[in-house]
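Here is the structure we will look at, set down as structure tokens.
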Amino acid sequence: MKHQSITTIILVATVLSFGQTIHLPDYFPLRDGGKWIYRDEFGNRDTATMRLNVPFAGDTAIEYSFSSTEKQYFKADANGLRMLGQTVPLGTFQLVTPIGLAALDASDGDRIDSYSWNVMHVPSGVVLPWGSVDVRLFMINAAIAILDSTYDSVLVITAQFSMGLCHYYLAKNVGIVKAVAHGSPSFLNRELVGTVPASAPVVRRSWGTGGILRKVAVRDGRQREIASLSIPTRNDDLVARVFSADGRMIARSRFRASDAAVLNIAAKCGAGRYVLTVDNGAARVSRVFVLSR
């Protein structure tokens with residue numbers, strides 16, 4: 001399928017599937033020893049092998065390895081999916097602030113901004129400031145053809161870096177079925193040819209552990225919870241805001257570590273679409289919600 005037609009489907013599907021809850025483990029299955037075979041823009045084949053619990057930068061990571069000079073390292077737990085670093089021909093780099101890609105239970109249209117984004121070369125310890133990363137989610141509930149396969153449920157994760165752009169297409173119960181990169185030193189386009197099952201059963205329990213999440217809830221004039229968003233915390237102060245569809249700030253509150261994080265919006269707010277943003281000092285997460293009367 002051409003890139004233009006996929007872009008059109010994204011625009012249409014975003015409207016149709018707005019607000020849909022997405023359970024991320026369904027789209028990024030953890031399979032120790034599993035293999036995903038891709039075809040690149042030149043017709044060559046690359047095989048990615050997933051390994052779980054691989055040591056990386058003092059942590060344990062999910063390693064998605066194409067070769068000795070191309071590996072991606074992820075963390076998948078109660079905080080969702082995050083990228084920890086990567087190995088490219090220039091060496092291995094750790095993301096000082098891991099890039100948040102998606103919450104464990106995400107929603108179509110979610111956005112994660114990581115700012116003051118630094119990359120550290122391993123093992124020299126040299127830190128390079130690389131700006132910020134803007135990650136957005138789109139859910140496509142329409143048939144998408146990739147090579148000889150058709151997928152009916154695809155999650156698109158788009159990461160905008162200061163030096164490039166990446167699109168990852170994740171199919172339900174399959175994993176990454178397509179990747180498009182602009183500015184990557186490793187590839188431009190990969191499309192899934194097939195998979196080789198892991199010798200071990202699919203691991204789901206790893207998603208159930210992780211750091212502390214803090215929930216921010218939005219309530220209306222009747223004290224009904226109408227939206228919520230969770231963000232990783234290190235006993236940080238949080239700043240929560242609600243914006244109307246035209247960009248006006250409806251409510252703002254700062255919550256200290258001991259505060260109940262509840263944001264009340266005025267009863268006079270009418271029906272419509274609003275945006276909840278929560279900032280923890282290193283990242284900002286956003287979720288669109290609808291208020292009905």
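If each residue of separation counts as 0.36 nm, what is the full-extension length gain between Ile212 and Leu165 once their alpha-carbon separation is subtracted? Please list the in-between numbers first.
On the way: separation 47, 0.36 × 47 = 16.92 nm, distance 2.98 nm.
Taking Ile212 through Leu165 to full extension adds about 13.9 nm, to one decimal.
What residues qualify as long-range amide H neighbours of Ser107, i.e. H under 5 Å apart, gap of 5 or more or another chain, H built at 1.01 Å from N? Hits under the 5 Å cutoff: Ile22.
Computed over the chain, the per-residue total of -39500 (n - 2.57) for DSSP H runs of n ≥ 4 gives a 222 nm mean residue ellipticity of -1500 deg cm²/dmol, rounded to 500.
Between Ala271 and His23, residue separation times 0.36 nm minus the direct Cα-Cα distance comes to 86.6 nm.
Note on Arg45 and Leu147: the extension gain reaches 35.4 nm, defined as 0.36 nm multiplied by sequence separation minus the Cα-Cα distance.
Against the longest principal axis of the chain, how steep is helix 3-16, in degrees 0 to 90 to the nearest 10, with axes from Cα atoms? That helix lies at roughly 30 degrees to the long axis.
Remark: spin-label model distance Arg254-Gln223 equals 2.7 nm, labels positioned 7 Å along the Cα→Cβ axis.
Any read-out appearing in this document is the output of simple, stated calculations on the displayed coordinates, not a laboratory observation. These figures come from a predicted structure and were not determined experimentally. A quick note on method: Cβ atoms are made from the backbone with ideal geometry, for glycine too, and the neighbour counts reach across all protein chains shown.
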